[in-house]
1. Just need a number here: residues in region 90-133 that are over 16 Å from the mean Cα position of the chain (by Cα), more than 26 Å from Ala31 (Cβ to Cβ) and either open to solvent by 30 Å² or more (accessible area, probe 1.4 Å) or at pLDDT below 85 (or both).
2. Mind telling me which of the residues Tyr57, Tyr69, Tyr62 ends up being hydroxyl-bearing (Ser, Thr, Tyr), surrounded by 13 or more Cβ atoms within 10 Å (Cβ to Cβ) and farther than 22 Å from Gln94 by Cβ?
3. Looking at region 181-197, which of the residues that are under 21 Å from Pro227 (Cα atoms) and in a loop (DSSP other than H, G, I, E, B) is least open to solvent (accessible area, probe 1.4 Å)?
4. Of the numbered conditions (1) open to solvent by 70 Å² or more (accessible area, probe 1.4 Å); (2) on the phi > 0 side of the Ramachandran plot, Gly11 satisfies every one except a single condition; which is it?
5. Need the failing condition index for Asn78 against (1) of a type in the set (S, T, N, Q); (2) part of a helix (DSSP H, G or I); (3) open to solvent by less than 50 Å² (accessible area, probe 1.4 Å), just the number.
6. From Glu205, Glu158, Glu172, Glu142, which residue is surrounded by fewer than 18 Cβ atoms within 10 Å (Cβ to Cβ), touching a residue at least 60 places away in the same chain (Cβ under 8 Å) and on the phi < 0 side of the Ramachandran plot?
7. Test Tyr57 against the criterion of being in contact with a strand residue (DSSP E or B) (Cβ under 7 Å, 6 or more places away or on another chain), assigned to a strand (DSSP E or B) and at pLDDT below 85, and give yes or no.
8. Between a residue in region 208-235 that is touching a residue at least 12 places away in the same chain (Cβ under 8 Å) and any residue that is open to solvent by 30 Å² or more (accessible area, probe 1.4 Å) and assigned to a helix (DSSP H, G or I), which pairs come within a Cβ distance under 7 Å, given they are 6 or more apart or on different chains?
Amino acid sequence: MQTNHITEMVGLEGFEVVDSAYEDSGDVPTATLRLDAKDEDGPWVCGNCAQLVETGYDRQRYDVLDLPYGQYKRTILNVPKVRVDCPDCGVRQQALSGIETNCGYTTRLKDEVVQACRGLRSLTDVAGNYPLSWHQVKAIDEWYVRNQGPKIDWTTIECIGIDEFSLRKNHEYATRVMDLTNPEDVRTIWVGRHRKAKTVEAFYEQMAINGADPGQLKAVCQDDWSPYKKATKQYAPQAQIVQDPFHLIRRMNTVMGSVRNRLKSD
């Protein structure tokens, strides 16, 4: 089987695909691509300090998740990594261009997940489209917000969305605030632990720290969770509180269900 076109598709610098296997019978169709280094003699890049290292310690193979490949939702790249003997850091894994260090997925997969998270989609929806867990998607989204997101001009924010998300089982939640002022550029601007009134109060206080004023808000999209409403009415009483689409549709479905049942009984 020729693999040169697959090597071009993977596009991992310094590696070529030497074998491939495909599994269609499981819950998630999986393509596994085995890669070898084109040059095994080094030098290599230290994964900790990024300096070039001439001495290799040993070589091991690792599985790395990549973008879906055709019908295969999960693509696994089986790649060799050299553990280098760095003079400054000691024995460390080599850094590979295109693969996130110590994360188990490729840079291009991370970049696509970042873009998916920028839309009005839940982290659960995004995780359902990629071979990543909810926690991995959340970590990628938080990395972007903290390190790569565009600088926020808090004085221009007029509309926000407030929603909770689950951290883990047993009802442990956090709160996310999104800037909805420009529908073309919806983005997360703040995350706080818990879903209490004090959580949202902390966001409004953060607005003041960043030179803005909760009084500039025209609309706040949120559900009927009373602590959220309490904080918004206290800090931004002028803002119109708008029901978020998810809870609005759920409420409409509940009403429609009641009407159907009543019509059936009549």
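1. Number of matching residues: 2.
2. Numbers: Tyr57 fails: farther than 22 Å from Gln94 by Cβ; Tyr62 fails: farther than 22 Å from Gln94 by Cβ.
Of the residues listed, the single one that is hydroxyl-bearing (Ser, Thr, Tyr), surrounded by 13 or more Cβ atoms within 10 Å (Cβ to Cβ) and farther than 22 Å from Gln94 by Cβ is Tyr69.
3. If we take residues in region 181-197 being under 21 Å from Pro227 (Cα atoms) and in a loop (DSSP other than H, G, I, E, B), then Arg195 is least open to solvent (accessible area, probe 1.4 Å).
4. (1)
5. Every listed condition holds for Asn78 apart from (2).
6. One residue alone meets the criteria, Glu158.
7. yes
8. Gly211/Thr155; Ala212/Thr155; Pro214/Tyr235; Asp223/His247; Asp224/His247; Ala231/Glu201; Tyr235/Glu201
The values are calculated or read from the model by the stated rules, or taken from the named source; none is laboratory data. Quick caveat: nothing in here was measured; it's all calculated off a predicted structure. Using ideal geometry, Cβ is built from the backbone for each residue, glycine included, and neighbour counts are taken over all protein chains shown. Only protein heavy atoms, including side chains, enter the accessible area calculation; ligands, DNA and RNA are left aside. Shrake-Rupley method; radii C 1.70, N 1.55, O 1.52, S 1.80 Å.
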